[in-house]
Amino acid sequence: MSKAFTKESDGDDDEDLALPELPAGGKNYVTPGGYRRLREELISLLDVERPKVVEVVSWAAKNGDRSENGDYLYGKKRLREIDRRIRFLTKRLDIAEVTDPSLHHGRDQVFFGATVTYENQRGEQKTITIKGIDESDSSQGEVSWIAPIARALLKAHVGDEVQLLTPGGVERVEVLDVRYPAPTAD
């Protein structure tokens, strides 16, 4: 059978789109800035990157033998990646619940969007910012609101001690400081 008539699996199924689990009845909370960044990425993929790749694939397809045409093969693969990301972003933005953390500015209780400084039992202080699943970046000290530390800290006040379940057992952490971004005049 000719290779042209066989379907090759490239492992790019939609199963790769498995969305991170939200707690039962939970929502996909996201900050206004996070929502804006995700939406900008989606628009850029739709309006800029995808049309460029389609143009390259179209040009490469006109060059004849596609089986050894690197531009065509890479372009088709990249197009699948872009389309998968577009589907992912569309689904996530559809279920997003934009929550503005600045509404809690000046409060000492931990809610979504808080920057929290806490101390563990060993006296180590850490500062994290609680963000949405799709926007948190651990290298920036951001954690998803469904992360164990965030779930333990949510609704705690400055001075409260909360229990954090870790692989090493239960650890007590004390909330030292809670900050929120200042409201902006839009």
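Determine if segment 55-78 includes at least one residue that is at pLDDT 95 or above, of a type in the set (Val, Ile, Thr), part of a helix (DSSP H, G or I) and open to solvent by less than 70 Å² (accessible area, probe 1.4 Å). Within segment 55-78, none of the residues are at pLDDT 95 or above, of a type in the set (Val, Ile, Thr), part of a helix (DSSP H, G or I) and open to solvent by less than 70 Å² (accessible area, probe 1.4 Å). Among the strands (runs of 3 or more DSSP E) confined to segment 97-184, the ones with at least 1 residues that are within 29 Å of ARG39 (Cα to Cα) and within 24 Å of the chain's Cα centre (by Cα) are located at 115-120, 125-131, 142-144, 169-179. LEU154 meets all of the listed conditions (1) open to solvent by 50 Å² or more (accessible area, probe 1.4 Å); (2) touching a Pro at 6+ places or on another chain (Cβ under 6 Å) but one, namely (2).
Could you list, in sequence order, the residues of segment 100-131 that are of a type outside the set (Gly, Ala, Ser) and within 30 Å of ASP47 (Cβ to Cβ)?
Pass one, segment 100-131, residues of a type outside the set (Gly, Ala, Ser): 100-101, 103-105, 107-112, 115-122, 124-131.
Once the filter is applied, which keeps residues that are of a type outside the set (Gly, Ala, Ser) and within 30 Å of ASP47 (Cβ to Cβ), segment 100-131 yields ASP100, PRO101, LYS131.
Just one of the numbered conditions (1) out of contact with any strand residue (DSSP E or B) (no Cβ under 9 Å at 6 or more places or on another chain); (2) of a type in the set (A, V, I, L, M, F, W, C); (3) open to solvent by 30 Å² or more (accessible area, probe 1.4 Å) is not true of PHE111: (1).
For segment 164-179, which residues satisfy the criterion of being in contact with a Lys or Arg (Cβ under 8 Å, 6 or more places away or on another chain) and at pLDDT 95 or above?
Of segment 164-179, the ones in contact with a Lys or Arg (Cβ under 8 Å, 6 or more places away or on another chain) are 164, 178.
Hit for segment 164-179 is VAL178, nothing else.
Among the criteria (1) touching a residue at least 40 places away in the same chain (Cβ under 8 Å); (2) farther than 30 Å from LEU42 by Cβ; (3) open to solvent by 50 Å² or more (accessible area, probe 1.4 Å), the one GLU97 does not fulfil is (2).
Looking for whichever is out of contact with any Leu (no Cβ under 9 Å at 6 or more places or on another chain), at positive phi and open to solvent by 30 Å² or more (accessible area, probe 1.4 Å) here; the options are GLY123, GLY141. Which one fits? Reasoning before the result, please.
On the way: GLY141 fails: open to solvent by 30 Å² or more (accessible area, probe 1.4 Å).
The unique qualifying residue is GLY123.
The values are calculated or read from the model by the stated rules, or taken from the named source; none is laboratory data. Note that this is a predicted model, so its numbers are computed, not measured. Cβ coordinates were reconstructed from backbone atoms using ideal geometry, including for glycine residues, and neighbour counts include every protein chain displayed. Accessible surface is based on the protein model in full, side chains and every heavy atom, while ligands, DNA and RNA are left aside. Shrake-Rupley method; radii C 1.70, N 1.55, O 1.52, S 1.80 Å.
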